[in-house]
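Read through the structure below, which is laid out as structure tokens, and then see the notes.
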Amino acid sequence: MALDRQPTRPNDLRAFWMPFTANRQFKSAPRMFVAADGMYYTTSDGRQVLDGTAGLWCCNAGHRRPRIVQAIQEQAEELDYAPAFQMGHPKAFELANRLVDIAPEGMEHVFFTNSGSEAVETALKIAIAWHRARGDAGRTRLIGRERGYHGVNFGGISVGGIVNNRRVFGALLNGVDHLPHTHLPENAWSRGQPEHGAHLADELERIAALHGPETIAACIVEPVAGSTGVLIPPKGYLERLREICTRHGILLIFDEVITGFGRLGAPFATQALGVMPDMITCAKGLTNGVIPMGAVLTTPAVHDAFMQGPEHLIELFHGYTYSGNPIASAAGIATLETYAEDGLFERAAELAPYWEDAVHSLKGRRHVIDIRNMGLIGAVELEPIAGAPTQRAFAAFLAAYEKGVLIRTTGDIIAMSPPLIIEKAQIDHLIGTLGEVLDALD
Ligand SMILES: Cc1ncc(COP(=O)(O)O)c(C=O)c1O
């Protein structure tokens, strides 16, 4: 019957329920991208828009990179799909090895997922199962952090700390506690890591004392919290968290979904910040955002605890139909090659001081109450309109888009995370346009 229907209705926007979008606002004034190349999107009305956000923090090598496009095309021709369970294909193994090559020393195993959210669920499940595998089945409690974002699945929103992502979804995971966020007013206008707040990690000590450390499986944090408005870890904070986790036998998970793949001028934040977790979750830049893929990286200590018992038995009852999908794996390999060929992680490190000066040059513009940055991440926080939070930043987003610049907003914070290929002149254009937008805002 479906074949008898009208073939397409391209201008009918009703059917697609858009994610994390003001659907009615969007559908009354749609903003459509129809093509992308390098640093620019093309809109449906033929305008070029400078990508100040690497899509959603994912297109770190910029758009339409030939090597990635070709790898996907060739892989689709050669092996489109292979079962992920009890069967393998070479590209998934190759990508895992290449990831280990650039990962912090000591991260030696990779579990593939299809998104950051799934990487988080996977890491949380591995953490609980790991303790059990070692005879410590009482360790089931998970610790997250206020203002943390770990994707949208039940585990992720349970350890996450964004009220709107949690409050309408009923019962979340039991046995979850939260550290306080690290965003302190005295750190306003910080360049790079702020001075104050290392002591906030001691809250983990308090939570451990409250519940008994022998009940806690893992603590998950973003090294730099992105989605809640770019919260940079205070100096010494992550080090202290590591020390407390180690002392109490708690696994430390870094959610590197946005900080992975060069954003801070090193492959992972773990290397940029010099603090080693027990597991890393990543996604986004893993395939340059082109094909959905995520991963959990683990140490041998985590992985090897599962490799026990009769060899014909499955060790971990977890996985996805598309774990290590051939086309995603091919895209991942080509992406890592592109990063290496163009020296993009080093480039991000070199550009970071210029970026920092540019972002902080917005101090003094209308409504700006804080600016912060790290690597190629920058945030400009605006004074909210009384009684109408988020409205001012959303107006800035719309105005910037009209002026040909893509930024991202969360609450009243403007977050920017351009592709690592951005040129200095494009940084000037991005920041200059944003300055004009801010000056014109109500
Ligand atoms: C730190 C972090 N974790 C997890 C996720 C979820 O990733 P995905 O949207 O691919 O599920 C995100 C997405 O922005 C993220 O920033």
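Throughout, read-outs are computed from the coordinates displayed, never taken from laboratory work. In this text, all values refer to a predicted model and were calculated from it rather than measured experimentally. As a convention, Cβ positions derive from the backbone with ideal geometry for all residues, glycine included, and neighbour counts pool all protein chains shown.
Charges only on Cβ, +1 for Lys and Arg, -1 for Asp and Glu: so what's the dipole of region 69-341 about the Cα centre, in debye to the nearest 20?
Using only the charged Cβ atoms, the result is roughly 860 debye.
Would you work out which of Leu286, Thr433, Gly378 lies farthest towards the positive end of the dipole of the chain, given +1 charges on the beta-carbon of Lys and Arg and -1 on that of Asp and Glu, about the Cα centre?
The residue sitting most towards the positive pole is Thr433.
Taking only the alpha-carbon positions of region 169-309 and ignoring solvent, what does the Debye formula give for the base-10 log of I(q)/I(0) at q = 0.13 Å⁻¹?
Taking Cα atoms of region 169-309 as identical point scatterers yields -0.63.
By counting other Cβ atoms within 10 Å of each Cβ, how are Trp17, Trp189 ranked from fewest to most?
Trp17, Trp189
Computed over the Cα atoms of region 226-307, what is the convex hull's projected area averaged over all directions, in nm²?
6.4 nm²
If we sort 273-285, 19-31 on the protection proxy, mean other Cβ atoms within 10 Å, highest first, what's the order?
273-285, 19-31
Hey, what do the phi angles of region 45-60 turn into as Karplus ³J(HN,Hα) couplings, whole Hz, using 6.51/-1.76/1.60 and θ = phi - 60°, x for Gly and Pro?
Values, residue by residue: 9, x, 8, 9, 10, 6, 7, x, 9, 6, x, 10, 6, 10, 8, 5 Hz.
Can I get the semi-axes of region 6-98's equivalent ellipsoid? Compute them from the C-alpha gyration tensor as square roots of 5 times the eigenvalues, in angstrom, largest first.
Square roots of five times the eigenvalues give 32, 20, 14 Å.
Please enumerate, by chain and number, the aspartates and glutamates with C-alpha under 17 Å from the C-alpha of Lys235, excluding those fewer than 8 residues away in the same chain.
Candidates past the 8-residue exclusion: Glu186, Glu195, Asp202, Glu203, Glu222, Glu243.
Using the Cα centre of region 309-442 as the reference point, and only Cβ charges (+1 on K/R, -1 on D/E), how large is the resulting charge dipole? Debye, rounded to the nearest 20.
420 debye
Run the dipole for region 56-186 about the Cα centre, Lys and Arg Cβ at +1, Asp and Glu Cβ at -1, nothing else charged, and hand back the magnitude in debye, nearest 20.
480 debye
Lys/Arg Cβ at +1, Asp/Glu Cβ at -1, dipole of region 69-341 taken about the Cα centre: which of Thr270, Cys245, Leu79 is farthest positive-ward?
Cys245
What lysines sit close enough to Lys27 to cross-link, taking a C-alpha to C-alpha distance under 30 Å and skipping anything fewer than 8 places away on the same chain?
Lys284, Lys403
5 Å is the cut-off here: which amide hydrogens, built 1.01 Å from N in the peptide plane, fall below it relative to Asp255, excluding neighbours closer than 5 in sequence?
Long-range HN contacts for Asp255: Val221, Glu222, Thr281.
Among 336-348, 320-332, what's the highest-first ranking by average C-beta atoms within 10 angstrom per residue?
So the peptides 336-348, 320-332, ranked by packing, come out 320-332, 336-348.
What is the packing order of peptides 421-427, 369-375, taking the mean over residues of other C-beta atoms within 10 Å and listing the highest first?
The densest-packed peptide leads the list: 369-375, 421-427.
State, to one decimal in nm², a quarter of the convex hull surface area for the C-alpha atoms of region 69-341, i.e. the direction-averaged projected area.
Computing the convex hull of the Cα atoms and averaging its projections yields 15.0 nm².
Need one number: the % of Cα-Cα pairs in region 161-204 sitting beyond the 13 Å mark.
Above the 13 Å cut-off, region 161-204 has 67 percent of its Cα pairs.
Quick one: 3J(HN,Hα) in Hz for region 242-250, Karplus 6.51/-1.76/1.60 with θ = phi - 60°, rounded, Gly and Pro as x.
4, 5, 5, 4, 4, 4, 9, x, 9
Enumerate the amide H contacts of Gly192 below 5 Å, restricted to partners 5 or more residues apart or on another chain; note that Pro and chain-start residues carry no placed amide H.
Answer set, sorted by chain and number: Asn373.
Going toward the positive end of the dipole of the chain, with +1 on Lys and Arg Cβ and -1 on Asp and Glu Cβ, which of Ala330, Tyr41, Asn23 do you reach last?
Final value for the positive-end residue is Asn23.
Run the reach check for Lys363 against aspartates and glutamates, Cα to Cα strictly under 14 Å, same-chain hits fewer than 8 apart removed. What comes back?
Within reach: Glu381, Glu383, Glu436, Asp439.
Can you tell which of Gly52, Gly319, Gly404 shows the greatest fluctuation in a Gaussian network model of the chain with Cα springs below 10 Å?
Checking each option, the largest mean-square fluctuation is seen for Gly319.
Please list, in order along region 145-158, the HN-Hα scalar couplings obtained from phi with the Karplus expression 6.51 cos²θ - 1.76 cosθ + 1.60 (θ = phi - 60°), rounded to whole Hz, x for Gly and Pro.
3J(HN,Hα) across region 145-158, in whole Hz: 8, 4, 6, x, 10, 10, x, 10, 7, 4, x, x, 6, 5.
Can you tell me what share of the DSSP beta bridges in the chain is antiparallel? A percent to the nearest 5 is fine.
About 65 percent, rounded to the nearest 5.
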